[in-house]
1. Of everything in segment 31-56, what is of a type outside the set (Val, Ile, Thr) and open to solvent by 10 Å² or more (accessible area, probe 1.4 Å)? Give them in sequence order.
2. Between a residue in segment 251-274 that is on the phi > 0 side of the Ramachandran plot and any residue that is surrounded by 10 or more Cβ atoms within 10 Å (Cβ to Cβ) and part of a loop (DSSP other than H, G, I, E, B), which pairs come within a Cβ distance under 8 Å, given they are 6 or more apart or on different chains?
3. Is it fair to say residue 146 is β-branched (Val, Ile, Thr) and over 25 Å from residue 19 (Cα atoms)?
4. Select from segment 176-194 the residues that are assigned to a helix (DSSP H, G or I) and not charged (D, E, K, R) and write down the one among them that is most open to solvent (accessible area, probe 1.4 Å).
5. Restricting attention to segment 222-235, report how many residues are in a helix (DSSP H, G or I) and within 11 Å of the ligand (Cβ to nearest atom).
6. Within segment 98-110, is there a residue that is hydroxyl-bearing (Ser, Thr, Tyr), assigned to a loop (DSSP other than H, G, I, E, B), in contact with a helix residue (DSSP H, G or I) (Cβ under 9 Å, 6 or more places away or on another chain) and more than 16 Å from the ligand (Cβ to nearest atom)?
7. Quickly run through segment 93-107 and pick out the residues that are open to solvent by less than 50 Å² (accessible area, probe 1.4 Å) and either β-branched (Val, Ile, Thr) or in contact (Cβ under 8 Å) with a residue 60 or more places away in the chain (or both).
Amino acid sequence: MNTITLNNGVTMPQLGFGVYQIPSDETAQAVYEAIKIGYRLIDTAAVYGNEKETGAGIKQAIEEGLVTREELFVTSKLFILQTPENKAAATIEHSLSVMGLDYLDLYLIHQPYGDIYGAWRALVAAQQAGKVRAIGISNFKAAKMIEFVGLNEVKPQVNQIEVNPWYQREADLVWHEQYGVQVEAWAPFAEGHHDLFTNPILAEIGSKYGKSVGQVVLRWLMQRGIVALAKSVHPERMAENIDIFDFELTASDMATIQSMDKKESAFFDHDAPEQVEWFMKRMWDTEK
Ligand SMILES: NC(=O)c1ccc[n+]([C@@H]2O[C@H](COP(=O)([O-])OP(=O)(O)OC[C@H]3O[C@@H](n4cnc5c(N)ncnc54)[C@H](OP(=O)(O)O)[C@@H]3O)[C@@H](O)[C@H]2O)c1
């Protein structure tokens, strides 16, 4: 497994397993299977409603001797209503408690809304107390990331954002590199939007190496220096998605994929009024 060293010296696996949209009653088994197959980075969030079950899958894998806690890199995130400093501190404690962990490897502010500065103070304090090894942000566009770095003493180690062949974030990557903030890709497959898994261009590239579309996409992200999170509830797909370290895309393959960029989200624009309105409604669901 490739690793990436963050701006505070912590290393993280470059490929991980995400549990968004996995029903809570399937999450423990999925996480356990993913660890058994070789994933070491596991990504959940308070708002996914499956932190507890993610912790249960981790616990089972450790108890069966498949892995040690130190070999894993576990991420969670707080949502909008949890951003005020005191709530953020309590939410970190809650994540640790329900997951049954002494520390998290990465904790993120999930959305660029709410009291993100209060939340950041709580994350920095948790990091200083050894409760989280790395801290970061998610869904911050480059301009917001730059403002956030500029107004805080501790800069985020990671920004988790949508990156996939339809939304490649070329300019955003340059800004993040300049500011030393590691980009982590969510929805690397765009959840299959725009028929990604049957795309003939990606399939043809894959056929040269005996690899699937999903493998080409993840390999493309690895070669761009991006950390990627893939999700599947199927063990055979989990195994397929991690089997990407034995081939290399050529510069010509990379250029071909680059030409597929639609330069817009496969889902929604985080700044669109309708989207912010949706967040405002959804956030009440996360209040404990
Ligand atoms: N920070 C954020 O705001 C944010 C937002 C979204 C996601 N995330 C994180 O990023 C992770 C990944 O994103 P995502 O789950 O939204 O989308 P994704 O990984 O792009 O796509 C997942 C979808 O692809 C299918 N799939 C996976 N591997 C496949 C393969 N080899 N062949 C065919 N189909 C395959 C899965 O189906 P099956 O499960 O049926 O196999 C699932 O429907 C999440 O789980 C979460 O941890 C973060």
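The values are calculated or read from the model by the stated rules, or taken from the named source; none is laboratory data. Because the structure is predicted, anything quoted here is derived from the model rather than measured. With ideal geometry, Cβ positions are generated from the backbone for all residues, glycine too; neighbour counts draw on all protein chains shown. Calculation scope for accessible area: heavy atoms of the full protein, side chains included, ligands and nucleic acids excluded. Shrake-Rupley method; radii C 1.70, N 1.55, O 1.52, S 1.80 Å.
1. Of everything in segment 31-56, those that are of a type outside the set (Val, Ile, Thr) and open to solvent by 10 Å² or more (accessible area, probe 1.4 Å) turn out to be 32, 33, 36, 38, 40, 46, 48, 49, 51, 52, 53, 56.
2. 263/168
3. Values: β-branched (Val, Ile, Thr): yes; over 25 Å from residue 19 (Cα atoms): yes.
The answer is yes for residue 146.
4. Ranking the candidates gives 178 first.
5. Within segment 222-235, residues that are in a helix (DSSP H, G or I) and within 11 Å of the ligand (Cβ to nearest atom) number 1.
6. Yes: one or more hits.
7. 98, 105, 106
Conditions tested, residue by residue: (1) away from the ligand (no atom under 14 Å from the Cβ); (2) not in a strand (DSSP E or B).
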| position | (1), (2) |
| --- | --- |
| 120 | yes, yes |
| 153 | yes, yes |
| 161 | no, no |
| 174 | yes, yes |
| 196 | no, yes |
| 203 | no, yes |
